[in-house]
Amino acid sequence: MKAPWVLLDELAQELRELRADVRGTVHPLAVVDGVLALGEGSVVKAGCVIEGFVRIGRNCVIGPNAYLRGCTAVGDDCRIGQAVEVKSSLLGRGVSVAHLSYIGDSVIGDEVNVGGGCIMSNFRHDAGEIRMPWEGRLQATGRNKLGCWIGARSRIGCKCVILPGRILPPETQTYPGSVVR
């Protein structure tokens, strides 16, 4: 498997060539300021803002008042809740992100559940380069914005904070209010 920062770079390159293709429903009170590819059966609810290059799979529900931006891809059968922000991230199939959460520059595996009020932080407060453990060692990523990699079927408890550059293996469960350092 490729490193998360490599996957995100490749995703951005791919999505910058995206063509608008809306096969689902976008509420008239949603704003699309960029390029949106929306799969069949998907719904973008009122108050949502989509900026940049965003691909949303089939049978998804986005919002209300969600904010998807940058180069973001959302897999099939996902639920992005009230006032969730997703920035330049890759979300797998069947991901559910509850209300008031933030996911920045992250790779989220299939069937992950993210509780309400969670933060996948993507920026060190000292603005330094984010390093990430990969292939048995801590590696430089060349990025000062990089969130986390969460493996498939993980469950992130409400009000969790995951610091930049962290990896959670498949089927991880965090307690509500945890800080993953």
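Applying a DSSP loop filter and a limit of 15 other Cβ atoms within 10 Å to the GluC sites (Glu not before Pro) in segment 1-60 leaves GLU17, GLU40. Here is the list for segment 56-138: GluC sites (Glu not before Pro) lying in DSSP coil, each with at most 15 other C-beta atoms within 10 angstrom of its C-beta, are GLU129, GLU135. Relative to the longest principal axis of the Cα atoms of the chain, helix 4-15 runs at roughly 20 degrees. For GLU40 and GLU17, a Förster radius of 25 Å and the Cβ-Cβ distance give a FRET efficiency of 0.70, rounded to the nearest 0.05.
The mean sequence separation of alpha-carbon pairs under 8 Å and at least six residues apart, normalised by the residue count of the chain, gives a relative contact order of 13 percent.
When only Cα pairs below 8 angstrom with a gap of at least 6 residues are kept, segment 68-137 shows a relative contact order of 24 percent.
Shape class for segment 12-55: oblate, because the ratio a/c of the largest to smallest gyration tensor axis (alpha-carbon atoms, square roots of eigenvalues) is 1.5 or more and b/c is at least a/b. Less than 5 angstrom separates the built amide H of VAL49 from those of VAL31, ALA66, TYR67, LEU68, all sequence-distant by 5 or more or on a different chain. Have a look at MET132, SER42, ILE56 and report the one farthest towards the positive end of the charge dipole of the chain, computed about the Cα centre with Cβ charges (Lys/Arg +1, Asp/Glu -1). Projecting each Cα onto the dipole axis, the largest value belongs to MET132. Database remark: amide H of SER42 closer than 5 angstrom to the amide H of GLY24, THR25, ASN59, CYS60 (H placed geometrically; neighbours at sequence offset of 5 or more, or on other chains; Pro and chain starts carry no H). Note the listed values (i) 0.96; (ii) 1.07; (iii) 1.24, then indicate which one is Cα Rg over 2.2 N^0.38 Å calculated from this particular structure. The value matching this structure is (i).
Helices in the chain, meaning DSSP H runs of at least 4 residues, each add -39500 (n - 2.57). Divided by all residues, the mean residue ellipticity at 222 nm is -2000 deg cm²/dmol. Taking θ as phi - 60° and the Karplus parameters 6.51, -1.76 and 1.60, the scalar couplings of segment 117-123 work out to x, 8, 10, 9, 5, 10, 9 Hz in sequence order, x denoting glycine and proline.
Short-range pairs are left out: with C-alpha atoms under 8 Å and at least six residues apart, the relative contact order of segment 133-181 is 37 percent. In straight-distance terms, cross-link reach from LYS2 covers every one of the lysines whose alpha-carbon lies under 28 Å from its own, apart from those fewer than eight places away in the same chain; here that gives LYS87, LYS145.
We did not get these values from a lab; they are worked out from the coordinates using the rules stated. Keep in mind it's a predicted model, so treat the numbers as computed, not measured. Cβ atoms come from the backbone with ideal geometry, glycine included; neighbour counts cover every protein chain shown.
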